[in-house]
1. Just for the range B:208-223: of the residues that are of a type in the set (A, V, I, L, M, F, W, C) and surrounded by 18 or more Cβ atoms within 10 Å (Cβ to Cβ), which one is farthest from B:F3 (Cα to Cα)?
2. Restricting the search to the range B:150-175, which residues are within 15 Å of B:V21 (Cβ to Cβ) and at the interface with chain A (Cβ under 7 Å from one of its Cβ atoms)?
3. Could you count how many residues in the range A:152-186 are closer than 16 Å to A:S73 by Cα and in contact (Cβ under 8 Å) with a residue 40 or more places away in the chain?
4. Filter the range B:192-207 for residues that are among the small types (G, A, S) and crowded, with 24+ Cβ neighbours inside 10 Å; which is farthest from the other protein chains (Cβ to nearest Cβ)?
5. Within the range A:99-120, does at least one residue satisfy the condition of being in contact (Cβ under 8 Å) with a residue 40 or more places away in the chain and either among the aliphatic types (A, V, I, L, M) or touching a strand residue (DSSP E or B) at 6+ places or on another chain (Cβ under 9 Å) (or both)?
6. Can you name the number of the only condition in (1) at the interface with chain B (Cβ under 7 Å from one of its Cβ atoms); (2) buried (at least 17 other Cβ atoms within 10 Å of the Cβ) that A:Q85 fails?
7. If you take the residues of the range B:131-149 that are buried (at least 20 other Cβ atoms within 10 Å of the Cβ) and in contact (Cβ under 8 Å) with a residue 40 or more places away in the chain, which of them is farthest from the other protein chains (Cβ to nearest Cβ)?
8. For the range B:156-191, name all the residues that are surrounded by fewer than 24 Cβ atoms within 10 Å (Cβ to Cβ) and without any contact (Cβ under 8 Å) to a residue 12 or more places away in the chain.
Amino acid sequence: MELRYTGVSLGYQGKKALIDVEIRLKAGQRLALVGPNGAGKSTLIKSMLGQSEILGGTAIIPPRDVIGYVPQSGDLDPDFPVSVQQVVMMGRYRSLGWWRPVRKADRQAVAEALDQVGLTDKARNRFGTLSGGQRQRVLLARAIVAQPQLLLLDEPFNGVDAVSQDAIVTVLRDLSAAGTALVLSTHDLAVARDLADLICLLNGRQFAVGTPGETLTASSLRPVYAHRALDLADGRLVLVDP
Amino acid sequence: MIFRATIEIVLVATLAGMIGVHIVMRRLSFFTMALTHATFPGVVAASIIGVNLLLGGIATGAVIALGVAALSRRRGQNAAAATGVLLSGGFALGAALIATQSGFSRDLSSFLVGSILTVSDQDLLITAGVLVIVGAVLLLCARPLLFTGFDPAGARAAGLAVGAWDVVLLLTIQVVVVTVVPAVGTILALSLIVAPAAAARLWTDRLPLLTTLAMLLAVASGLAGLAVSAQWNVAAGASISLSATLALLVSWALRKAVS
């Protein structure tokens, strides 16, 4: 698995939304996309799914069938009558096709994925009855059952409680250790520092890419968050409203 | 006559309950309302030129379904507003077409509230055929329809053509609407399609059970409405529609009482 962007510009309907993207990710690496709202984090993730346009540069992206995607659970209708088990099984649809009966191996994979995210006891519950953090874990389990080589996560910690955040971080570390490359967008600098091997700073263009030590510094972050003053307190990064 | 009407309402109500679940799940009730009204001019035009009403309804309904699907995919377009305009525009076009035909206006009510008591053997065969086709489509396409309805972004990322599946569902809804309209009418079709599914949704989260319950409630509403119509000489479409509405209201009240 290799993901490589060289001088890439991205956008929609020919209009650029993000420029100068230079990233290289190998199996097992964890990349966090950091930047304010509208910075282009989702555009970059969508480009890996073929849902935004590559308007310049060279992009080497793994085939679609080895890429997993975890959307934000808040975008989904909580009233939709679908069980946790059914949602996770959707991750097997690609191999099952439209109509092939569910096999023992599929049920086993779903059970294992739910166990991995700590939600075995919720398997028969309706998805919408779970908390935001639990829903996010279900969507992670759905991605896991497809055994992706590259996993993309769109703001996986938004509206997530501490227990679920810890559970998600643990699963992501395990996946990474098993060779799955991860790309996640986040506003949370502490999570990015804790979880990622590589950080990509974005705001309309790529400002920097490197290790957390290289990128999560006041001098690197200040231009990315131009509308806010940035300060360091007790070694931690703090974004302060102007 | 009443025997054929009974068979027809069982077939039509089964269809309505089956598709109603998808309409309720995806919150497409307003779109379906617009579709019932937009079908109206096609049915009237078909009647005027002497072709099968089903074909006329399918032709105009397909244009509307595809138009709404295209609109909902465009950024910045208000699909709900467009659907609303289509609702009244379609109905107005149907009324205008009727007005061009002298002596035609007295038949208006049969389009508006249906005429299930006049169904022919050919109508029964067509409805049965549509039921088999729609049942097969919903069964064979259950997985992609479920995935794209629940999580379009996730489904798209998994390689499903979400727009194409939306069109499949909208066209299936449209075929059902066109089949239901002659029985219960343009104005009243929505209640038979949506009310049983909405009532069933109050009782279960499980999709197979929800679908079965919606079909049973729709058939029960249809038969009850037909019986009321025969007993008290009420327009069949209206009594069927009222029965379906009553099923929803009773379910809602019972659910409130239970919880």
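The values are calculated or read from the model by the stated rules, or taken from the named source; none is laboratory data. In this text, all values refer to a predicted model and were calculated from it rather than measured experimentally. Glycine gets a Cβ as well: all are built from the backbone with ideal geometry, and neighbour counts include every protein chain shown.
1. Taking the candidates together, the pick is B:L210.
2. The one that is within 15 Å of B:V21 (Cβ to Cβ) and at the interface with chain A (Cβ under 7 Å from one of its Cβ atoms): B:F150.
3. Matching residues across the range A:152-186 total 12.
4. B:A195
5. Yes.
6. Against the list (1) at the interface with chain B (Cβ under 7 Å from one of its Cβ atoms); (2) buried (at least 17 other Cβ atoms within 10 Å of the Cβ), A:Q85 comes up short only on (1).
7. Step by step, filter the range B:131-149, then rank; the result is B:L145.
8. B:R156, B:G159, B:A161, B:A164
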